[in-house]
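The values are calculated or read from the model by the stated rules, or taken from the named source; none is laboratory data. A quick note: this is a predicted structure, and the numbers were derived from the prediction, not measured. Ideal geometry is used to build each Cβ from the backbone, glycine not excepted, and the neighbour counts take in all protein chains shown.
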């Protein structure tokens with residue numbers, strides 16, 4: 001069954017210092033920006049759906065990303081996903097997810 005997720009992309013300069021990324025920093029847009037609200041079965045599907053070839057197959061999201069001063073279209077390490085059903089925030093890690 002699909003659930004609703006908010007997808008936040010890390011602002012430029014945010015790196016893999018998980019200790020400095022908090023729920024507050026993400027949700028207040030201090031370290032991340034909201035880029036999408038999607039329905040998905042799980043975090044793995046969110047990651048797959050947010051890859052550029054799926055989310056922006058013809059480059060249609062490039063201008064949106066540029067206006068936000070972000071540098072990447074595909075979800076990657078340090079981006080975050082909020083599960084609205086479970087009220088949990090996850091950080092995309094090198095391998096899998098870290099719950100914040």
**Message:** With farther than 29 Å from residue 1 by Cα and touching a helix residue (DSSP H, G or I) at 6+ places or on another chain (Cβ under 7 Å) as the only criterion, which of 31, 98, 73 stands out?
**Reply:** 31
**Message:** Based on this model, can you work out whether residue 85 counts as part of a strand (DSSP E or B), surrounded by fewer than 12 Cβ atoms within 10 Å (Cβ to Cβ) and either out of contact with any helix residue (DSSP H, G or I) (no Cβ under 7 Å at 6 or more places or on another chain) or modelled with pLDDT under 95 (or both)?
**Reply:** no
**Request:** Please determine, by comparing only the residues of region 55-70 that are assigned to a loop (DSSP other than H, G, I, E, B) and more than 13 Å from the chain's Cα centre (by Cα), which one is nearest to residue 39 (Cα to Cα).
**Result:** 56
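Per-residue answers, yes or no, for (1) at pLDDT below 90; (2) surrounded by fewer than 17 Cβ atoms within 10 Å (Cβ to Cβ); (3) over 11 Å from the mean Cα position of the chain (by Cα):
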position	(1), (2), (3)
2	no, yes, yes
12	yes, yes, yes
15	yes, yes, yes
20	yes, yes, yes
30	yes, yes, yes
37	no, yes, no
47	no, no, no
53	no, yes, yes
**Message:** Go through region 61-77 and report how many residues are over 16 Å from residue 28 (Cα atoms), surrounded by fewer than 21 Cβ atoms within 10 Å (Cβ to Cβ) and in contact (Cβ under 8 Å) with a residue 12 or more places away in the chain.
**Reply:** 10
**Given (1) surrounded by fewer than 16 Cβ atoms within 10 Å (Cβ to Cβ); (2) in contact with a strand residue (DSSP E or B) (Cβ under 9 Å, 6 or more places away or on another chain); (3) modelled with pLDDT under 90, number of the condition residue 98 does not satisfy** = (3)
